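What follows is a set of notes on a single structure, which appears directly below.
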Amino acid sequence: MAETMKEGDELLKVENIHMSFGKVAALSGVSFKVRKGEIHSIIGPNGAGKTVMMNCINGLYRPQRGNIIYKGQKINHLKPYQRAKLGISRTFQKIELFSGMTVLDNIRLGRHIHMKTGILSGALYVGKTSREEIEHRAYIEEEIIDLLEIESIRDKIVGMLPYGLQKRVELGRALALDPELLILDEPLAGLNLEEVEDMARFILDVNEEERWRVTCILVEHDMGVVMDLSDSVTVLNFGEMIADGTPEEIQSNPEVIKAYLGAEDLYVSRA
Amino acid sequence: MAKGFLPCGTYHQDYLHDHAWWQTKFVKGKMILLGIILFFVIPHLDPYWVGVANMIGYTILGALGVDLLIGFTGQITLGHAAFIAVGAYTSTLLVLEFPWPHAFIHMGIAYPISIIVGAIVAGLWSVLWGLPSAKVKGFYLILTTMAAQFVTVNFIITQYVAKIGGRGQAFSLPPGTIKFGPWVMDNPIRVYYLMVILVLLCIAIVANLLRSKPGRAWMAIRDNDIAAETLGINVVLYKLLSFFVAGFIAGIAGAFWISNLAAISPEHFPWSWSLWLVGVILIGGTGSIHGTIFGSMFMVLVMEFLQMGILPLADIYPQLLDKFFFIKESTFGLAICVFLIFEPNGLSYRWWQLKNYFNLWPFSY
Ligand SMILES: Nc1ncnc2c1ncn2[C@@H]1O[C@H](COP(=O)(O)OP(=O)(O)OP(=O)(O)O)[C@@H](O)[C@H]1O
Ligand SMILES: [Mg+2]
């Protein structure tokens, strides 16, 4: 069953996904697999359908055709909140934080699925609720805030923070779900060099540290980081999958080189 | 909502302390002072002003639910008076028509039970009218909540409920029927004590919910429902829970208010009352319990002063008296406009500023 999955087993399988908006075919027959424990990158030029694919995995979009299989279970019909409860968490390309709330409250919301307080116990705020709040506060402080080095901003309003820190808080909120599969949609976009290094380190940490061991799907334009971090890469172009393999295989794949030709200057590697 | 700064030199030893309501001795002192004013000063005022305080309390109870929906969950409602009416009628019918054992009536248990039942019925009725919120937002939700008002008050209550037992329009509440334990609700002071207890209780309920899982989920839905959903929040369920709690408190408001009335009729719960409650939270500042309280005090007191100013003039211009209703409504409209333009964050924001100023004083850097 779910808990007995081993490293390298198939965590997510995407089968023949078709998704179109009116006449625009955003995805036409995309299939790939993500193994437990790996960092699996999805790359491709702008408009290739990467974000649409992530939205299908996370449940914000319902593909017209195809299957999403998570831990051997078909999850096509599940709503995003149900998929979150199964351990699928994500960040967004365009930051989707609760910008009027503090950093701490944003991350607390990431703990939602692990809390038990209902209307009645919440209204009374009796022992159980109070204890739960303290427990989760400790978890957030020790596991998330410590990891991401955001001690000094925990009580700041998120909307007031610089972009790079907002990206970091969004990662913290996604991690607070204690996910098994973490979808990162362009976590490095818009960051400066130093921030890119930090973020790449955090991603590697949550993937490799015994405590986390989170499987990641990484959508990124920064080829240097992608090739460095990934265990496997899927390339999309105009909604179609044109390549799938290890970073080395992808780098020498003529199809991929062709797809990227002409747009080369857009994808300057920082490595 | 932004948390206020703590007084200079205060920091927290542990998480428990950081989560507490009243974090310093100073705040505790203020609360004790407030308690003294509420329980020992106001009851000794002129009964007229105690009556005004009761009106403020009733407004707070109504506006609290509206703020929960609009200010904290982002679900616009323009039909809240319907749920207050449901609470009031449920409570009235239970007290007057239910075959209570004599002992219950004697001990004054019937009315307290009817308040709870009224709250639950109003809560469930509110959930029913909140169902469209699963599919629609904003303007369309305004329309469906308005439908709640007209279907509930103007149709169901006016046409059917108000006629139960062969009554024409109003249910009279004979003196002595509304009895809370040993106390017969026959003067403003007793109504006042009941009001204070219910208001404090409801504020505590809402404040507690807001600092735990359900409240955070509501605010998440208000701020970004897509992000909320991806974090595992069942958006539809939590919207409905918000409708339930808002309706529940509306039910308490309605059931409480009958203790202040000699008779109830559908006219006590007009659509304008639903609008009024929205105005109260706009003036006080949405998404703030302080705002709900200040807004209620402000609106009720402004209307009182307006009335006091106009009554003496009525000797000279008798038509002012006929027009008072219109003057009141226009003042209300004007007040909302003025606040939206000059003080869009409401009274609570000024309060927050003032409080921080004094907390940080004398080192306000
Ligand atoms: N909600 C939508 N409605 C209509 N069309 C959409 C929608 N979302 C995406 N598309 C279209 O689908 C295509 C793929 O978009 P997508 O956002 O997945 O690209 P992407 O690979 O993430 O690109 P980028 O690198 O710029 O983020 C685009 O042509 C886009 O216009
Ligand atoms: Mg994208």
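The values are calculated or read from the model by the stated rules, or taken from the named source; none is laboratory data. From a predicted model like this one, the values you see are computed outputs, not experimental measurements. Here Cβ is always computed from backbone atoms with ideal geometry, including for glycine, and neighbour counts include all displayed protein chains. Just so you know, the surface numbers come from the protein's heavy atoms only, side chains and all, with ligands and any DNA or RNA stripped out. Shrake-Rupley method; radii C 1.70, N 1.55, O 1.52, S 1.80 Å.
Summary table
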item: Lone unmet requirement of (1) within 14 Å of another protein chain (Cβ to nearest Cβ); (2) acidic (Asp, Glu); (3) out of contact with any Gly (no Cβ under 9 Å at 6 or more places or on another chain) for residue A:178; result: (3)
item: Filtered residue count, the stretch A:1-24, keeping only those that are part of a strand (DSSP E or B) and either surrounded by fewer than 17 Cβ atoms within 10 Å (Cβ to Cβ) or away from ligand 2 (no atom under 16 Å from the Cβ) (or both); result: 11
item: Output for the stretch A:109-133, where each listed residue is within 28 Å of the chain's Cα centre (by Cα) and of a type in the set (S, T, N, Q); result: A:117
item: From the options A:43, A:69, residue that is among the β-branched types (Val, Ile, Thr) and more than 16 Å from ligand 1 (Cβ to nearest atom); result: A:69
item: Filter result (within 14 Å of ligand 1 (Cβ to nearest atom) and among the charged types (D, E, K, R)) within the stretch A:232-244; result: A:240
item: Test: residue in the stretch A:144-157 that is under 24 Å from residue A:39 (Cα atoms) and within 13 Å of chain B (Cβ to nearest Cβ); result: yes
item: Residue selected from the stretch A:166-178 under the condition within 14 Å of residue B:232 (Cβ to Cβ) and open to solvent by less than 10 Å² (accessible area, probe 1.4 Å), by the criterion farthest from ligand 1 (Cβ to nearest atom); result: A:176
item: Selection count, the stretch B:195-214, where residues are at the interface with chain A (Cβ under 7 Å from one of its Cβ atoms) and within 30 Å of residue A:58 (Cα to Cα); result: 4
item: Among the residues listed as A:48, A:26, the single one being over 20 Å from residue A:200 (Cα atoms), within 7 Å of ligand 1 (Cβ to nearest atom) and touching a helix residue (DSSP H, G or I) at 6+ places or on another chain (Cβ under 7 Å); result: A:26
item: Of residues in the stretch A:219-231 being in contact with a Pro (Cβ under 8 Å, 6 or more places away or on another chain) and either within 16 Å of ligand 1 (Cβ to nearest atom) or assigned to a strand (DSSP E or B) (or both), the one farthest from the other protein chains (Cβ to nearest Cβ); result: A:226
item: Residue match in the stretch A:103-117 (condition: more than 9 Å from chain B (Cβ to nearest Cβ), surrounded by fewer than 17 Cβ atoms within 10 Å (Cβ to Cβ), farther than 18 Å from residue A:175 by Cβ and of a type in the set (D, E, K, R)); result: no
item: Residues that are more than 14 Å from every other protein chain (Cβ to nearest Cβ), open to solvent by 10 Å² or more (accessible area, probe 1.4 Å) and either under 26 Å from residue A:220 (Cα atoms) or not charged (D, E, K, R) (or both), drawn from the stretch A:64-102; result: A:64, A:65, A:66, A:67, A:69, A:71, A:72, A:73, A:76, A:77
item: Among the candidates B:306, B:301, residue that is more than 14 Å from residue B:59 (Cβ to Cβ) and surrounded by fewer than 16 Cβ atoms within 10 Å (Cβ to Cβ); result: B:306
item: Long-range neighbours under 8 Å by Cβ, at least six apart or interchain, first residue within 14 Å of another protein chain (Cβ to nearest Cβ) and open to solvent by 20 Å² or more (accessible area, probe 1.4 Å) within the stretch A:42-54, second near ligand 2 (Cβ under 8 Å from one of its atoms) and not aliphatic (A, V, I, L, M); result: A:51/A:93; A:51/A:185
item: Residue within the stretch B:229-252 that is open to solvent by less than 10 Å² (accessible area, probe 1.4 Å), in contact with a strand residue (DSSP E or B) (Cβ under 7 Å, 6 or more places away or on another chain) and either within 7 Å of another protein chain (Cβ to nearest Cβ) or at pLDDT 95 or above (or both) present; result: yes
item: Filter result (within 16 Å of ligand 2 (Cβ to nearest atom) and in a helix (DSSP H, G or I)) within the stretch A:167-214; result: A:167, A:170
